[in-house]
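Here's the structure we're looking at; comments come further down.
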Amino acid sequence: MAHILITAGPTRAYLDDVRYLTNASSGRMAQALARAAVRRGHRVTIVSGPVAIAFPRAARLIPVTTTAEMLDACLAVLPGVDGVIAAAAPCDFEPATRVAGKIQRQGSGLTLRLGSTVDVIATLARRSRAGQWMVAFALEPGADPKRALEKVTTKRCDLIVVNDVSAIDSTQTAVTVYDRGHARVGARAGTKAQVAGWLVRLVEKTFA
């Protein structure tokens with residue numbers, strides 16, 4: 001059986017000590033993947049941003065808050081895993097500077113300057129050793145595969161799972177999976193539990 005690293009949930013990008021940018025990722029897809037993997041006998045480590053769900057007790061959970069913390073936690077466990085399923089939705093942007101304390105309200109409004117965060121799955125793929133596999137998720141409006149196919153190449157992943165924005169904070173999802181050669185591997189729709197079970201079996205078949 002494999003040791004699988006699963007990333008989960010959103011991350012936070014702080015403006016000051018009170019306010020932050022984030023997204024509506026619930027972590028439910030990662031939760032379903034972890035449950036399916038544990039049921040199949042795999043060892044599971046989860047690195048999760050702030051979520052209000054429970055993960056399987058049989059899995060090791062490493063809670064994080066920011067995108068940088070998610071990357072650091074993943075890099076720490078990467079040498080000991082067989083592969084990664086990056087189901088998290090880490091912030092892509094963060095304020096260029098974090099203000100200590102609390103930004104005071106101003107009648108003229110506030111302009112934010114944002115910079116890019118580290119790309120977690122791309123960095124893990126670059127740091128991976130021979131034989132480790134990488135599965136990324138791509139949330140695209142209308143599940144358009146064009147951007148996802150660009151990502152599977154630039155991020156150096158083995159598979160990419162494309163889903164629509166309607167999957168956010170939902171119990172239902174529909175996914176299409178492509179490989180690094182941009183070939184369509186398969187598709188599945190249903191509850192996140194059903195789709196997760198199918199994805200775990202697909203990973204087993206692909207990387208056995």
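Considering (1) in a helix (DSSP H, G or I); (2) of a type in the set (D, E, K, R); (3) at pLDDT 95 or above, the lone condition that residue 188 does not fulfil carries the number (1). Looking only at residues in region 111-147 that are exposed (fewer than 10 other Cβ atoms within 10 Å of the Cβ), farther than 22 Å from residue 33 by Cβ and not β-branched (Val, Ile, Thr), the one that is farthest from the chain's Cα centre (by Cα) is 113. For residue 157, the criteria (1) exposed (fewer than 15 other Cβ atoms within 10 Å of the Cβ); (2) under 14 Å from the mean Cα position of the chain (by Cα) hold in every case but one, which is (1).
Across region 40-71, the number of residues qualifying as in contact (Cβ under 8 Å) with a residue 60 or more places away in the chain and not hydrophobic (A, V, I, L, M, F, W, C) comes to 2. If the condition is being surrounded by fewer than 17 Cβ atoms within 10 Å (Cβ to Cβ) and within 17 Å of residue 142 (Cβ to Cβ), then region 169-199 contributes 170, 172, 174, 184, 187, 189. Return a yes/no flag: does region 72-81 have any residue that is in contact with a Lys or Arg (Cβ under 8 Å, 6 or more places away or on another chain), assigned to a loop (DSSP other than H, G, I, E, B) and without any contact (Cβ under 8 Å) to a residue 60 or more places away in the chain. No.
Take the conditions (1) in contact with a Phe, Trp or Tyr (Cβ under 7 Å, 6 or more places away or on another chain); (2) under 23 Å from residue 24 (Cα atoms); residue 140 misses just one of them, which is (1). When the criteria are applied in full, residue 162 fails the requirement of being touching a residue at least 60 places away in the same chain (Cβ under 8 Å), touching a Pro at 6+ places or on another chain (Cβ under 6 Å) and buried (at least 17 other Cβ atoms within 10 Å of the Cβ). Considering (1) small (Gly, Ala, Ser); (2) under 18 Å from residue 200 (Cβ atoms); (3) surrounded by fewer than 18 Cβ atoms within 10 Å (Cβ to Cβ), the lone condition that residue 59 does not fulfil carries the number (3). The listed residues are 28, 35, 39, and the only one of them that is surrounded by fewer than 17 Cβ atoms within 10 Å (Cβ to Cβ), basic (Lys, Arg) and over 16 Å from residue 81 (Cα atoms) turns out to be 39.
The values are calculated or read from the model by the stated rules, or taken from the named source; none is laboratory data. Note that the coordinates shown come from a computational prediction; the quantities given were computed from them, not determined experimentally. No Cβ is skipped: glycine too gets one built from the backbone with ideal geometry, and neighbour counts run over all protein chains shown.
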